[in-house]
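S.K.: A single structure is presented below for examination.
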Amino acid sequence: MKKLFIKTYGCQMNVYDSARIADLLTPLGYAAADAPDDADIVVLNTCHIREKAAEKVYSELGRLRRLKEERAEQGGRMLIAVAGCVAQAEGEEIARRQNAVDIVVGPQALHRLPEMIARVERSEGRVLETDFVPDEKFDALPAARADGPAAFLTVQEGCDKFCTFCVVPYTRGAEFSRPVAQIEAEAHRLVEHGVREITLLGQNVNAYCGAGPEGNSWSLARLLHRLAEIEGLERLRYTTSHPRDMNDDLIAAHRDLQKLMPYLHLPVQSGSDRVLEAMNRRHARDHYLRLVDKIRAARSDIALSSDFIVGFPGETDTDFEQTMALVREVKYPQAFSFKYSTRPGTPAAAARKQVPEQAKSERLQALQSLLAEQQADFAKSCEGLSMPVLFEKPGRKTGQAVGRSPYLQPVHVDDAEHLIGEIHDVTITRAMRNSLSGALTAVRPKGMAAA
Ligand code: 5AD
Ligand code: SF4
């Protein structure tokens, strides 16, 4: 049996794509390898969003090259493939910088991987495919396999927003929504294989506008309503949303759909209108704050999350203070924050007023300590509450299981390993830095009165 090792960088869509790569190669006789050392083919599924992420790929390729040479000395063969957004953005450069690479495949061409491997095996030399063919891709991919009770399902790819800092419109291409029937079929299949929670993925998931059964276009809200009818599917989530596409029907779905979990990742990036404008975000600070109010009116316990960029070109101390003030006003149970990273080819990269590294570091530190405080406050407020947890996998301790709260926090529970795949009420006993501990909520025997 041949062995496959996939290393995934970056976002959840890459996690989904890596699973699809495994699904594609399994019928060709590839089983999962535990490490690149035992693999016949190593795939790096890469991320181009910030410079650091892209640089990691080149250092990993250096290590793989040595493994490949050792293998060759022993008379064996190892293929190296680079997939994902670095492959799309820098395919030619990868080929130039690292001649150990056999295959470069962009995210929209990954369904062609089996044929590309066959070509390399026939010794046709290096193959490179970076076409944008998302509709062909989804038709060509095999049915997704379930791996545990929580699954990702890509419903939308690409982005037409062109924020001035972001590479996504260039690496993932234009917005594309999969048809409703295709998504429904994939969801049904996942549920038949034990999946209880599905997270719908898209770079701009709430801009979803896939074709419905009658050919008319469906919104994300309508899709969620349809998927919520699937028996056995207990939880729905979606990510990532753009504030511009957060329509009233989607907000109402948070009020009306009990299966839609009370967690929403809604990146604002900055609290300053001047910076938002320079970022081409096409929403103002006030629009975002009003949205937050509306969403909380629909679902009061919703946990909001966001992405922030500090040190965007031209950002002043006053701009940054506005971001801090927005964070204080909204209060985020969870958030991600980054220093602005110059991405070649994006409009902001050419801006004259780049912020010095020192200022970026100071701002990031200030923002992250505020966010950490808010995250800790939220976690603390969960202590003593009972909440349904979907148990996903074994924990580090024997018998322990780790699951997710409705707010996406990891929850550790002892003596619960036998409950993996199921949802049970858990009383939260302790809030830690990035997770919660709890115990199964005692079920009162029937007929016994509450204290
Ligand atoms: N520099 C820093 N952060 C970035 N992001 C996207 N592009 C950049 C960049 N050039 C962040 C944004 C986005 C998240 C996925 O990554 O906050 O929402
Ligand atoms: Fe990038 Fe902006 Fe599109 Fe998000 S909305 S993927 S940040 S361009």
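The values are calculated or read from the model by the stated rules, or taken from the named source; none is laboratory data. This is a predicted model, so every value here is computed, not measured. When we count neighbours, we look across all protein chains shown, and the Cβ atoms used for this are built from the backbone with ideal geometry, even at glycine.
Each row is one residue, and each column tells you yes or no for (1) modelled with pLDDT of 95 or more; (2) under 20 Å from the mean Cα position of the chain (by Cα); (3) within 22 Å of residue 158 (Cα to Cα); (4) away from ligand 2 (no atom under 16 Å from the Cβ).
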residue	(1), (2), (3), (4)
182	yes, no, yes, yes
211	yes, no, yes, yes
229	yes, no, no, yes
242	yes, yes, yes, no
253	yes, no, no, yes
268	yes, yes, yes, no
276	yes, no, yes, no
283	yes, no, yes, no
295	yes, no, no, yes
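S.K.: Let me ask another. Of the numbered conditions (1) surrounded by fewer than 22 Cβ atoms within 10 Å (Cβ to Cβ); (2) within 30 Å of residue 404 (Cα to Cα), residue 157 satisfies every one except a single condition; which is it?
M.R.: With (1) surrounded by fewer than 22 Cβ atoms within 10 Å (Cβ to Cβ); (2) within 30 Å of residue 404 (Cα to Cα) applied to residue 157, the lone miss is (1).
S.K.: Select from the stretch 1-25 the residues that are out of contact with any Cys (no Cβ under 6 Å at 6 or more places or on another chain) and either farther than 23 Å from residue 85 by Cα or not in a helix (DSSP H, G or I) (or both) and list them in ascending order.
M.R.: 1, 2, 3, 4, 5, 6, 7, 8, 11
Residue-wise test of (1) within 16 Å of ligand 2 (Cβ to nearest atom); (2) buried (at least 20 other Cβ atoms within 10 Å of the Cβ); (3) of a type outside the set (D, E, K, R); (4) over 30 Å from residue 412 (Cβ atoms).
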| position | (1), (2), (3), (4) |
| --- | --- |
| 319 | no, yes, no, yes |
| 326 | no, yes, yes, yes |
| 335 | yes, yes, yes, no |
| 342 | yes, no, yes, yes |
| 362 | no, no, no, yes |
| 377 | no, no, no, no |
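Residue-wise test of (1) within 15 Å of ligand 2 (Cβ to nearest atom); (2) at pLDDT 95 or above; (3) within 18 Å of residue 134 (Cβ to Cβ); (4) not basic (Lys, Arg).
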site	(1), (2), (3), (4)
164	yes, yes, no, yes
197	no, yes, no, yes
205	yes, yes, yes, yes
208	yes, yes, yes, yes
219	no, yes, no, yes
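S.K.: While we're looking at this one, here's another question. Might you let me know whether the stretch 58-66 holds any residue that is surrounded by fewer than 14 Cβ atoms within 10 Å (Cβ to Cβ) and either within 19 Å of residue 140 (Cβ to Cβ) or not basic (Lys, Arg) (or both)?
M.R.: First, the residues of the stretch 58-66 that are surrounded by fewer than 14 Cβ atoms within 10 Å (Cβ to Cβ): 59, 62-63, 66.
Okay, now just the ones that are also either within 19 Å of residue 140 (Cβ to Cβ) or not basic (Lys, Arg) (or both), so 59, 62.
Yes, the stretch 58-66 has at least one match.
S.K.: Taking the stretch 180-208 as the region of interest, how many residues are within 16 Å of ligand 1 (Cβ to nearest atom) and of a type in the set (D, E, K, R)?
M.R.: Residues meeting the conditions: 0.
Residues are listed down the side, and each one gets a yes or a no for (1) within 19 Å of residue 203 (Cα to Cα); (2) within 15 Å of ligand 1 (Cβ to nearest atom):
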site	(1), (2)
13	yes, yes
20	yes, no
25	no, no
30	no, no
33	no, no
40	no, no
50	yes, yes
53	yes, yes
59	no, no
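S.K.: List the number of the failed condition for residue 239; all other conditions in (1) of a type in the set (S, T, N, Q); (2) outside the structural domain of residue 163 (by TED's automatic domain parsing); (3) surrounded by 22 or more Cβ atoms within 10 Å (Cβ to Cβ) hold.
M.R.: (2)
S.K.: Here is a follow-up. What tally of residues in the stretch 390-435 results from selecting those that are among the basic types (Lys, Arg) and either without any contact (Cβ under 8 Å) to a residue 40 or more places away in the chain or in contact with a Lys or Arg (Cβ under 6 Å, 6 or more places away or on another chain) (or both)?
M.R.: 2
Yes or no, residue by residue, for (1) surrounded by 15 or more Cβ atoms within 10 Å (Cβ to Cβ); (2) more than 23 Å from residue 149 (Cβ to Cβ):
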position: 352; (1), (2): no, yes
position: 355; (1), (2): yes, yes
position: 359; (1), (2): yes, yes
position: 365; (1), (2): no, yes
position: 396; (1), (2): no, no
position: 407; (1), (2): yes, no
position: 412; (1), (2): yes, no
position: 416; (1), (2): yes, no
position: 426; (1), (2): yes, no
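S.K.: Do we find a residue being within 20 Å of the chain's Cα centre (by Cα), hydrophobic (A, V, I, L, M, F, W, C) and at pLDDT 95 or above anywhere in the stretch 116-135?
M.R.: No: the stretch 116-135 contains no residue that is within 20 Å of the chain's Cα centre (by Cα), hydrophobic (A, V, I, L, M, F, W, C) and at pLDDT 95 or above.
S.K.: Which condition number in (1) small (Gly, Ala, Ser); (2) buried (at least 16 other Cβ atoms within 10 Å of the Cβ); (3) touching a helix residue (DSSP H, G or I) at 6+ places or on another chain (Cβ under 6 Å) is the one that residue 87 fails?
M.R.: Single failed check for residue 87: (3).
S.K.: Given the criterion more than 16 Å from ligand 2 (Cβ to nearest atom), outside the structural domain of residue 338 (by TED's automatic domain parsing), more than 30 Å from residue 337 (Cβ to Cβ) and not aliphatic (A, V, I, L, M), identify the matching residue among 73, 60, 93.
M.R.: On inspection, the qualifying residue turns out to be 73.
S.K.: Please return the ranges of strands (runs of 3 or more DSSP E) entirely within the stretch 262-376 where 3 or more residues are touching a residue at least 24 places away in the same chain (Cβ under 8 Å) and within 15 Å of ligand 1 (Cβ to nearest atom). I'd like the intermediate steps shown before the answer.
M.R.: Details: elements: 263-265, 303-310, 334-339.
Those strands (runs of 3 or more DSSP E) span 303-310, 334-339.
S.K.: Being at pLDDT below 95, among the small types (Gly, Ala, Ser) and within 15 Å of residue 132 (Cβ to Cβ) narrows it down to one residue among 106, 75, 91; which is it? Break it down into steps so the answer makes sense when it comes.
M.R.: Working: 106 fails: at pLDDT below 95; 75 fails: within 15 Å of residue 132 (Cβ to Cβ).
Exactly one residue qualifies, and that residue is 91.
S.K.: If residue 199 meets every condition in (1) over 20 Å from residue 144 (Cα atoms); (2) hydroxyl-bearing (Ser, Thr, Tyr); (3) not in a loop (DSSP other than H, G, I, E, B) apart from one, which number is that one?
M.R.: Of (1) over 20 Å from residue 144 (Cα atoms); (2) hydroxyl-bearing (Ser, Thr, Tyr); (3) not in a loop (DSSP other than H, G, I, E, B), only one is false for residue 199: (1).
S.K.: Would a scan of the stretch 247-258 turn up a residue that is away from ligand 1 (no atom under 16 Å from the Cβ), assigned to a strand (DSSP E or B) and over 17 Å from residue 337 (Cα atoms)?
M.R.: No, the stretch 247-258 contains no residue that is away from ligand 1 (no atom under 16 Å from the Cβ), assigned to a strand (DSSP E or B) and over 17 Å from residue 337 (Cα atoms).
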